[in-house]
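Engineer: Take this structure first; my questions come after.
The values are calculated or read from the model by the stated rules, or taken from the named source; none is laboratory data. Since this is a predicted model, take the numbers as computed values, not measurements. Reconstructed Cβ throughout: ideal geometry from the backbone, glycine too, with neighbour counts over all protein chains shown. Please note that ligands, DNA and RNA were not included when accessible areas were found on the heavy atoms of the full protein model with its side chains. Shrake-Rupley method; radii C 1.70, N 1.55, O 1.52, S 1.80 Å.
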Number of protein chains: 2
Amino acid sequence: MTVTIYDVAREANVSMATVSRVVNGNPNVKPSTRKKVLDTIERLGYRPNAVARGLASKKTTTVGAIIPDISNIFFAELARGIEDIATMYKYNIILNNSDQNKERELQLINTMYEKQVDGILFMSDTISDEHLEQFKGESVPVVLATTYDENDKLPSVNIDYEKAGYEATKYLIDQGNERIAFVSENEEAIINQLKYKGYIRALKEAFLPINDDYIIHGQYTHDSGMKAAEQLLKLDDRPTAVFTASDELGMGVIHGAQDFGLKVPEDLEVFGFNNTRLSTMVRPTLTAIDQPTYDIGAVAMRLLTKLMNKEEVEESTVILPHRIVKRNSTK
Amino acid sequence: MTVTIYDVAREANVSMATVSRVVNGNPNVKPSTRKKVLDTIERLGYRPNAVARGLASKKTTTVGAIIPDISNIFFAELARGIEDIATMYKYNIILNNSDQNKERELQLINTMYEKQVDGILFMSDTISDEHLEQFKGESVPVVLATTYDENDKLPSVNIDYEKAGYEATKYLIDQGNERIAFVSENEEAIINQLKYKGYIRALKEAFLPINDDYIIHGQYTHDSGMKAAEQLLKLDDRPTAVFTASDELGMGVIHGAQDFGLKVPEDLEVFGFNNTRLSTMVRPTLTAIDQPTYDIGAVAMRLLTKLMNKEEVEESTVILPHRIVKRNSTK
DNA sequence: ATGAAAGCGCTAACAC
DNA sequence: GTGTTAGCGCTTTCAT
């Protein structure tokens, strides 16, 4: 049925070993026999079986990517970065959604090991000891992307979220705002806590009071942003600015404010996070922290290729630069 | 080093075959020995090697998905549908972006075959004879999602795009519009042509003239929509309504019109396509054809599982229902 | 430069 | 109900 390396060897009057050498670009083959083998490969329509190769060589050239939710535009952009670099280095990606459910994550990691992936890219809100233990048990390299390991054990690619949170808040303060809200996602996610820390640091530095009414944790969704806006704007001393933990939230807050009858940025300034394509898809366009999403994926994948290849890496905890992109949702 | 089935067999005083039976849930094992085996599996930390299993059984429980661009929100939602059902049936997905580049697609399909995937999910704008030939050569089942094969050779999951295009246009006609533009994506994509056909049919049926100035082909992006709006609104007899081939385009047209100083829907009605999350993330919210994106992915994957399992399928060309979701971008 | 042969870890007859 | 054995298709020493 299917053509194997053995068939090619027989037809070309050489050994399997020689065919294998040709297929794998081993230089120790006389040009004439190389041509002969190549010709019969062509003639028979031989195609190497990656599974057999994987079993024999203990390398599958596939890496597992565990992502919270691919339908989230942020992770979709990140995944594209991963994928492009993976392709460049001839790796395939096995993609899985975890919904940041710990049990599911642990189970997915296990499946990846069963499939003998050469490396793992992991994204989540929290890295527990169980995660660490599971990773430690194997010799498969792991890289975290937009994910913090508090113990700093695992290679990772991130931006400085605390600093970004600080800068966004400070920006709003410098605009003259004194009542600034913080609308974010899952309260327990480390990254959210870092943004929060930055927010608090900026407030304290400016001797502004911290008002718990201004701090809202919800989902990362547009809808959650709308609800947050409604809740904030009903307050007696409503905020004059909102720092949101994602663009989608920022968009929601803008629309929530508009539906409430307010003008953005005149009555309420809104600051987003990530600078996904969404930020230019609202009116007014969204001022935001630019997180180089695609690049984070790309750099993480690149780092992983080095690790899989056992190359020396100078620094395995990489922090990419971020910046503020000023648009029209702030004055 | 790694624990194999052989180690388990030795430690449990049974044969590899018995261990294999236990691992694969074969009922022909005495409960007591099953327990014994399970215990030593636990004790040794044995984990089956899917690659070896794949080689021996000729099944990898992996399917390849070739998608135009995962960072496109439409495909991201579709991919989520695929992934969820794949997980349900214990399959893993190898995800690849093709950018609808034919050479790349062909090459990706080849890689999937090398990796011995059990099935392929394929999405693109066009199915050429070369595609067909490549698919035909193997016994690996293929399912198309939101992709038309004009020769109707391959199983597929779609909606009736011609009808949807007709209904959207007719809706705008029934609103009293006589000058209706059509803003779409890649002109050569079959699906686009179907939407276009529906648009034309509705116009003809209403005895409305077909104006080439009103027909614009661009990208699927927000930006492309904005440019299209600008181009249309500069016309002397500018349209009073626009039917767009995607939500992102629709969003762009809305913003383009607003930037032009017009009000939507008062001065210009806008009709979108897909009903992704984006449609509720604009102001005014976007009236659109609801294409059950997630479901298309889910149904396609489900169909593929049946095909891989050699089950009889009653109908392998499935057309899912669509509907019009009325929002505020139309009067 | 080429070949022979021993696995890689598992499944799947087949035998008992 | 359990064991034996022959592959699956390839890589990788080790010879020559």
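Engineer: Given springs between every Cα pair under 10 Å in a Gaussian network model of chain B, which of B:Ala12, B:Ala145, B:Ala288 has the largest fluctuation?
Structural biologist: B:Ala12
Engineer: I would also like to ask the following. If you scale each eigenvalue of the Cα gyration tensor by 5 and take the root, what three semi-axes come out for region B:161-291, rounded to whole angstrom and sorted largest first? If you can, show how the numbers build up before the last one.
Structural biologist: Details: eigenvalues 70, 56, 39 Å².
Largest first, region B:161-291 gives 19, 17, 14 Å.
Engineer: Right, next: Hey, if we sort A:Asp7, B:Asp295 by accessible area with the 1.4 Å probe, largest down, what's the order?
Structural biologist: Details: A:Asp7 35, B:Asp295 75 Å².
Sorted descending by solvent-accessible area, the residues read B:Asp295, A:Asp7.
Engineer: May I ask for the angle, rounded to the nearest 10°, between helix B:73-88 and the longest principal axis of chain B, with both axes built from Cα atoms and the value confined to 0 to 90°?
Structural biologist: On a 0 to 90 degree scale, this one is about 30.
Engineer: Separate question: Given a 1.4 Å probe, how much area per residue of the protein assembly as shown is accessible, in Å²? The partial results should precede the final answer.
Structural biologist: Working: 29230 Å² over 662 residues.
Accessible area per residue, the protein assembly as shown: 44 Å².
Engineer: Taking every pair of alpha-carbon atoms in chain B, what share in percent sits in each 20 Å bin, from 0 to the bin with the longest distance?
Structural biologist: The calculated distribution, bin by bin, is 29, 43, 20, 8, 0.
Engineer: Hey, got a sec? Which GluC sites (Glu not before Pro) in region B:231-331 land in a DSSP loop and have at most 15 other Cβ atoms within 10 Å?
Structural biologist: Working: sites: B:Glu248, B:Glu266, B:Glu269, B:Glu311, B:Glu312, B:Glu314, B:Glu315; in loops: B:Glu266, B:Glu311, B:Glu312, B:Glu314, B:Glu315.
For GluC sites (Glu not before Pro) across region B:231-331 that sit outside H, G, I, E and B with at most 15 neighbouring Cβ atoms in 10 Å, the list reads B:Glu266, B:Glu311, B:Glu312, B:Glu314, B:Glu315.
Engineer: Please report the antiparallel percentage of the DSSP beta bridges confined to the protein assembly as shown, to the nearest 5. Display every interim value, and only then the final one.
Structural biologist: Values: 9 of 75 bridges.
Percentage antiparallel, nearest 5: 10.
Engineer: Moving to a separate point now. With a 1.4 Å probe on protein heavy atoms only, tell me which residues of region A:264-286 lose at least 50 Å² of accessible surface in the complex relative to the chain by itself.
Structural biologist: Buried on complex formation: A:Arg277, A:Met281, A:Arg283.
Engineer: I would also like to ask the following. In what order, largest first, do A:Glu138, B:Glu230, A:Glu133 sit by accessible area if the probe radius is 1.4 Å? Kindly include the intermediate steps, with their values, before the conclusion.
Structural biologist: On the way: A:Glu138 65, B:Glu230 95, A:Glu133 120 Å².
Descending order: A:Glu133, B:Glu230, A:Glu138.
Engineer: Rolling a 1.4 angstrom probe over the protein chains, ignoring ligands and nucleic acids, what is the accessible area of B:Lys153 in square angstrom, nearest 10?
Structural biologist: Result for B:Lys153: roughly 150 Å² accessible.
Engineer: In degrees, nearest 10, range 0 to 90: what is the angle between the Cα axis of helix B:161-174 and the longest Cα principal axis of chain B?
Structural biologist: On a 0 to 90 degree scale, this one is about 30.
Engineer: Could you state how much accessible area is buried at the A-B interface, both sides summed, with a 1.4 Å probe, in Å² to the nearest 100?
Structural biologist: Interface between A and B: roughly 4300 Å².
Engineer: A:Asp129 to B:Arg201: FRET efficiency via 1/(1 + (r/R0)^6), r the Cβ-Cβ distance, R0 56 Å, to the nearest 0.05? Present the calculation step by step, with values, prior to reporting the outcome.
Structural biologist: Values: r = 63 Å, r/R0 = 1.12.
Once the sixth-power term is evaluated, E becomes 0.35.
Engineer: Give me the percent relative contact order of region A:5-48, please, defined on Cα pairs under 8 angstrom at least 6 residues apart. Write down the numbers at each step before the final one.
Structural biologist: Values: 33 pairs, mean separation 18.2, N = 44.
Result for region A:5-48 is 41 percent.
Engineer: For n ≥ 4 DSSP H runs only, could you compute -39500 (n - 2.57) per run for chain B, divide by its residues and tell me the 222 nm figure to the nearest 500?
Structural biologist: -13500 deg cm²/dmol
Engineer: Would you mind checking the tilt of helix A:102-114 against the longest principal axis of the Cα atoms of chain A, expressed as 0 to 90 degrees and rounded to 10?
Structural biologist: Taking Cα atoms only, the helix is inclined about 20 degrees.
Engineer: Please list, or write none, the lysines whose alpha carbon is within less than 23 Å of the alpha carbon of A:Lys136, excluding same-chain residues fewer than 8 places away.
Structural biologist: Straight-line reach from A:Lys136, under 23 Å: A:Lys58, A:Lys59, A:Lys102, A:Lys115, A:Lys153, A:Lys306, A:Lys310.
Engineer: Largest first and to the nearest Å, give the Cα extent of region B:3-137 along each principal axis.
Structural biologist: 57, 31, 24
Engineer: Can you tell which of B:Asp223, B:Asp212, B:Asp160 shows the greatest fluctuation in a Gaussian network model of chain B with Cα springs below 10 Å?
Structural biologist: Result for chain B, Cα springs under 10 Å: B:Asp212 fluctuates most.
Engineer: Enter the accessible area of B:Lys170 (Å², nearest 10), with the probe set to 1.4 Å and all protein chains included.
Structural biologist: 70 Å²
Engineer: Restricting to DSSP loop positions (anything but H, G, I, E, B) with no more than 10 other Cβ atoms inside 10 Å of their own Cβ, which chymotrypsin sites (Phe, Trp or Tyr not before Pro) remain in region B:149-249? Display every interim value, and only then the final one.
Structural biologist: Numbers: sites: B:Tyr161, B:Tyr166, B:Tyr171, B:Phe182, B:Tyr196, B:Tyr199, B:Phe207, B:Tyr214, B:Tyr220, B:Phe243; in loops: B:Phe207, B:Tyr220.
Passing sites in region B:149-249 are B:Phe207.
Engineer: Right, next: When all protein chains stay in place, what accessible area (Å², nearest 10, 1.4 Å probe) is found for A:Arg47?
Structural biologist: 60 Å²
Engineer: Looking at the protein assembly as shown, what % of the alpha carbon pairs are farther apart than 39 Å? Walk me through the numbers before you get to the answer.
Structural biologist: Working: 89503 of 218791 pairs.
Distances greater than 39 Å cover 41 percent of the Cα pairs.
Engineer: Sort A:Ile93, B:Ile173 by heavy-atom solvent-accessible area, probe 1.4 angstrom, most to least.
Structural biologist: Values: A:Ile93 5, B:Ile173 30 Å².
Sorted by accessible area, descending: B:Ile173, A:Ile93.
Engineer: Let me ask another. Once you've got the GNM for chain B with C-alpha springs shorter than 10 Å, pick whichever of B:Asn24, B:Asn186, B:Asn275 has the biggest mean-square fluctuation.
Structural biologist: Result for chain B, Cα springs under 10 Å: B:Asn24 fluctuates most.
Engineer: Follow-up question, since we're still on this one. Can you give the relative contact order of region A:161-291 as a percent, counting alpha carbon pairs under 8 Å and 6+ residues apart?
Structural biologist: On the way: 267 pairs, mean separation 31.5, N = 131.
Reported relative contact order: 24 percent.
Engineer: When the accessible area of chain B is computed with all protein chains present and a 1.4 Å probe, what percentage of it is carbon and sulfur?
Structural biologist: Numbers: 7140 of 14620 Å².
Reported share for carbon and sulfur atoms: 49 percent.
Engineer: Using Cα-Cα distances under 8 Å and only pairs 6 or more residues apart, what relative contact order does chain A have, in percent? Before the final figure, lay out each step's value.
Structural biologist: Numbers: 625 pairs, mean separation 53.3, N = 331.
Once divided by the residue count of chain A, the mean separation gives 16 percent.
Engineer: What does the charge count around B:Pro27 come to, taking other residues whose C-beta lies under 11 Å from its C-beta (Lys +1, Arg +1, Asp -1, Glu -1)? Write out the running numbers ahead of the final one.
Structural biologist: On the way: positive: B:Arg21, B:Lys30, B:Arg34; negative: none.
With Lys, Arg at +1 and Asp, Glu at -1, the net is +3.
Engineer: Which log10 I(q)/I(0) values, to two decimals, does region A:5-48 give at q = 0.16, 0.18, 0.26 Å⁻¹ under the Debye formula with one point per Cα?
Structural biologist: Reported log10 I(q)/I(0), two decimals: -0.30, -0.39, -0.84.
Engineer: Then there's this: Ignore the peptide's own chain and count Cβ atoms of other chains within 10 Å of each Cβ in B:46-56; give me the average, rounded.
Structural biologist: Values: counts 0, 6, 2, 7, 10, 14, 5, 4, 8, 7, 2.
The per-residue average across the peptide is 6.
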